[in-house]
Amino acid sequence: MKMKLPCMPSVIYRAVNLTIRSRKCSVIDYRNFSNLYLNPRMSDKKMNGISKINGTEGKAPFLIGVSGGTASGKSTVCKRIMEKLGQVDMDQAQRQVICISQDSFYRELTPTEISKAEKGQFNFDHPDAFNETLLLETLQDILAGKIVQIPTYDYRHHSLNKDEFLTIYPADVVLFEGILVFYFPEIRKLFHMKLFVDTDSDTRLARRVPRDINERGRDLEQVLNQYMNFVKPAFEEFCFPTKKFADVIIPRGADNTVAIDLIVQHIREILLNKGRKSEERTLVLPSPAFVRTPNSSPKKHNTADGLFKRPH
Ligand SMILES: Nc1ncnc2c1ncn2[C@@H]1O[C@H](COP(=O)(O)OP(=O)(O)O)[C@@H](O)[C@H]1O
Ligand SMILES: O=c1ccn([C@@H]2O[C@H](COP(=O)(O)O)[C@@H](O)[C@H]2O)c(=O)[nH]1
């Protein structure tokens with residue numbers, strides 16, 4: 001049975017949905033033609049199918065790359081998606097949708113590089129700052145349905161937390177966010193869907209300054225020097241050019257609730273299809289506000305997060 005997608009006029013959802021699948025339209029908008037752009041270069045991989053990674057076949061999660069400049073709102077967009085899907089207040093191992101940050105894959109610095117970093121003189125926005133091999137292998141393992149351990153990153157000390165790893169359990173949908181997730185071709189081609197959070201650079205700088213001072217232990221001069229010398233030029237050279245690989249561009253980041261709702265609906269469909277293929281599985285239905293009765297008035301469900309067990 002086809003699931004109704006009632007959070008917007010169905011004709012519009014269908015238009016977007018068809019566009020995603022048939023790659024026909026380059027620009028589409030739900031309300032005012034500035035909320036969401038669909039890139040005709042939507043990834044080729046099948047949505048819910050079996051994928052072949054390193055010659056082994058396994059049920060692959062749907063892998064979504066989320067890129068954009070620093071402080072564009074990548075993490076916030078992912079957080080909103082997770083919240084709307086009712087995936088936040090639950091055990092990691094139970095989650096159908098998980099989020100991973102590319103920052104976990106910064107490479108270990110030498111002592112000389114660390115002292116440069118402490119003066120804001122190390123380029124963390126260059127592709128060489130990342131451990132590309134570990135990143136690729138980890139994503140391949142995730143796509144192969146394996147449990148993986150990923151490093152955690154300490155921004156205050158510019159280093160990986162020794163002995164502190166995050167265990168990533170197999171999930172149906174994996175969001176992978178970071179400034180350069182579409183930069184490396186081998187990694188880029190693993191994504192089934194690519195999102196680019198497009199927030200203007202003034203807003204990004206205005207958000208980065210307080211964040212780096214309050215959360216990452218920096219002072220104003222250091223943040224501004226690093227921004228002018230490394231972050232801005234590297235954004236222009238390495239990050240911005242990858243926008244063209246995106247399937248969906250999200251202007252204004254987390255403020256763009258229309259775009260986020262469209263993406264959430266798309267993920268719900270993926271989860272439903274995956275749920276259909278599994279015998280005893282939790283299904284995610286539209287959140288209560290979106291569920292409508294036949295006469296079209298909203299009807300509340302008594303669940304906290306819209307999660308239902310498939311009835312047998
Ligand atoms: N729409 C928004 N409105 C106001 N502040 C925001 C918004 N989106 C993100 N922020 C704030 O900006 C900072 C950077 O956002 P974040 O999501 O961490 O960006 P990124 O992951 O792209 O670096 C954070 O402090 C976050 O709380
Ligand atoms: O030790 C570090 C590591 C990274 N950075 C900066 O972080 C951003 C990437 O994170 P976002 O959450 O996407 O902003 C990148 O621009 C690096 O410059 C850092 O300052 N120090």
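Write down the percent of antiparallel bridges among all DSSP beta bridges whose residues are both part of the stretch 31-274, to the nearest 5.
Values: 13 of 32 bridges.
Of all bridge pairs located within the stretch 31-274, approximately 40 percent are antiparallel.
Tell me, what ³J(HN,Hα) does each residue in the stretch 254-262 have, in order and in whole Hz, if you take phi through Karplus 6.51 cos²θ - 1.76 cosθ + 1.60 with θ = phi - 60° and put x for Gly and Pro?
Coupling constants for the stretch 254-262: 5, 5, 8, 5, 5, 4, 5, 4, 5 Hz.
Kindly write out, for the stretch 145-151 in residue order, the coupling ³J(HN,Hα) from the Karplus curve 6.51 cos²θ - 1.76 cosθ + 1.60 (θ = phi - 60°), rounded to whole Hz, with x marking Gly and Pro.
Per-residue couplings from phi come out as x, 8, 7, 10, 10, 10, x Hz.
Whole angstrom only: what separates the Cα centroid of the stretch 103-136 from the Cα centroid of the stretch 211-242?
Taking the Cα centre of each part, the stretch 103-136 and the stretch 211-242 sit 14 Å apart.
THR70 accessible area, nearest 10 Å², 1.4 Å probe?
The value for THR70 is about 10 Å².
Each residue of the stretch 160-175 in order: what ³J(HN,Hα) in whole Hz does its phi give by Karplus 6.51 cos²θ - 1.76 cosθ + 1.60, θ = phi - 60°, with x for Gly and Pro?
After applying 6.51 cos²θ - 1.76 cosθ + 1.60, I find 6, 6, 5, 6, 10, 10, 9, 8, 9, 8, x, 9, 7, 10, 10, 9 Hz.
Can you list the aspartates and glutamates whose alpha carbon is less than 19 Å from that of LYS84, not counting same-chain residues fewer than 8 positions off?
ASP172, GLU177, ASP255, ASP261, GLU269, ASP305
For ASP198, enumerate residues with amide H under 5 Å from its amide H, sequence gap 5+ or separate chain, H modeled in the peptide plane.
For ASP198, whose amide H was placed from the backbone, the distant partners under 5 Å are ILE250, ARG252, GLY253.
What pairs from LYS162/LYS194; LYS194/LYS274; LYS244/LYS274; LYS119/LYS194 go past 24 Å between their alpha carbons? It would help to have the intermediate numbers written out before the result.
Working: LYS162/LYS194 31 Å; LYS194/LYS274 20 Å; LYS244/LYS274 29 Å; LYS119/LYS194 34 Å.
Over 24 Å Cα-Cα: LYS162/LYS194; LYS244/LYS274; LYS119/LYS194.
Classify the stretch 150-236 from the C-alpha gyration tensor, please: rounded if a/c falls under 1.5, else prolate or oblate depending on whether a/b exceeds b/c.
Details: a/c = 2.18, a/b = 1.31, b/c = 1.66.
Oblate is the answer for the stretch 150-236, as a/c is 1.5 or above yet b/c matches or exceeds a/b.
Can you list the residues, at least 5 places off or on another chain, whose amide H is less than 5 Å from the amide H of LEU166, using H built in the peptide plane?
For LEU166, the qualifying residues are ILE150, THR152.
The values are calculated or read from the model by the stated rules, or taken from the named source; none is laboratory data. What you see is a predicted model, and the numbers here were worked out from it, not measured in a lab. Ligands, DNA and RNA are stripped out before the accessible areas are found, and what is left, the full protein with its side chains, is counted by its heavy atoms. Shrake-Rupley method; radii C 1.70, N 1.55, O 1.52, S 1.80 Å.
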